[in-house]
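Written out below as structure tokens is the structure these notes cover.
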Amino acid sequence: MSAQEIKEFRELCERAGLAATHQRQVIYEVLKNMHGHPSPEEVYARVKRRIPSISLATVYKNLHLFIESGVFREVSLHHGSLRVEINHKPHHHLVCTSCKSISDIDAEALGLATQYGKLPGGFLAQRFAVDVLGLCADCQKKAD
């Protein structure tokens, strides 16, 4: 990380109320450089290359802290395993039911209007997350 990126990381941690530790910095940097929606195990495998003594439990704990503080988001609460994303722009997900890959799709591409605020029954909408379930292009090719 450059000096500017380290400064930004420390400011981000300060705003989130987190201590800017070396382990968190490495986890953050790894996540920022990963594409898609990595699982904690995928993050752990990359972080372990830089910090061989780190445990999977430490990675999980810090991912949860990052999610709780709003630094990162959890993709969905019902995919079976934790998936993390860094994309804060409004979007939805294409979920392959075969290989379990998750891809982002812009809300406009689905033609969905989103209305934040009060919904019927007094429900307060804070974020919209639509999962489109199906087969990715690679899995369709395998099925042919």
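I'd like the orientation of helix 56-68 relative to the chain: the angle between its Cα long axis and the longest Cα principal axis, in ° from 0 to 90, rounded to 10. For 56-68 against the chain, the angle is about 70 degrees. For the range 3-74, the relative contact order is 28 percent, taking Cα pairs closer than 8 Å that sit 6 or more residues apart in sequence and dividing their mean separation by the residue count.
Around the Cα centre of the range 90-143, unit charges on the Cβ atoms of Lys, Arg, Asp and Glu (plus for the first two, minus for the last two) sum to a dipole of about 180 debye. Taking one quarter of the surface of the C-alpha convex hull of the range 90-143 gives a mean projected area of 4.5 nm². The charge dipole of the chain, taken about its Cα centre with unit charges on the Cβ atoms of Lys, Arg (+1), Asp and Glu (-1) only, comes to about 380 debye. Per residue of the chain, the DSSP helices (runs of n ≥ 4 H) give a summed -39500 (n - 2.57) that works out to -12000 deg cm²/dmol at 222 nm. Mind sorting out which of [x] 17.0; [y] 16.4; [z] 20.3 is the real Kirkwood radius over Cα pairs in Å computed from the coordinates? Of the listed options [x] 17.0; [y] 16.4; [z] 20.3, [x] comes from this structure. Over 23 Å between Cα atoms, which of Lys32/Lys142; Lys61/Lys89; Lys100/Lys141; Lys89/Lys141; Lys61/Lys118 qualify? Over 23 Å apart, Cα to Cα: Lys32/Lys142; Lys61/Lys89; Lys89/Lys141; Lys61/Lys118. Per-peptide packing, taken as the mean over residues of other Cβ atoms within 10 Å, places 4-10, 34-40, 118-124 in the sequence 34-40, 4-10, 118-124 from highest down.
When DSSP assigns beta bridges and you keep just the ones with both residues in the chain, what percent turn out antiparallel, to the nearest 5? Antiparallel bridges: around 70 percent, rounded to the nearest 5. Pairing the Cα long axis of helix 40-50 with the longest principal axis of the chain, what angle in degrees results, from 0 to 90 and rounded to the nearest 10? Rounded to the nearest ten degrees, it is 30. No solvent, one uniform scatterer per C-alpha: report log10 I(q)/I(0) for the range 3-74 via the Debye equation at q = 0.14, 0.16, 0.23, 0.26 1/Å, two decimals. Result of the Debye calculation: -0.38, -0.51, -1.08, -1.35. Whole-Hz Karplus values for the range 94-110 come out as 9, 10, 7, 6, 8, 8, 6, 5, 10, 10, 7, 9, 4, 4, 5, 5, 8 Hz, taken residue by residue from phi with 6.51 cos²θ - 1.76 cosθ + 1.60 and θ = phi - 60°; glycine and proline positions read x.
Every number here is computed from the coordinates shown, using simple stated rules; none is lab data. What you see is a predicted model, and the numbers here were worked out from it, not measured in a lab. Because the Cβ atoms are built from the backbone with ideal geometry, glycine has one as well, and the counts that use them run over all protein chains shown.
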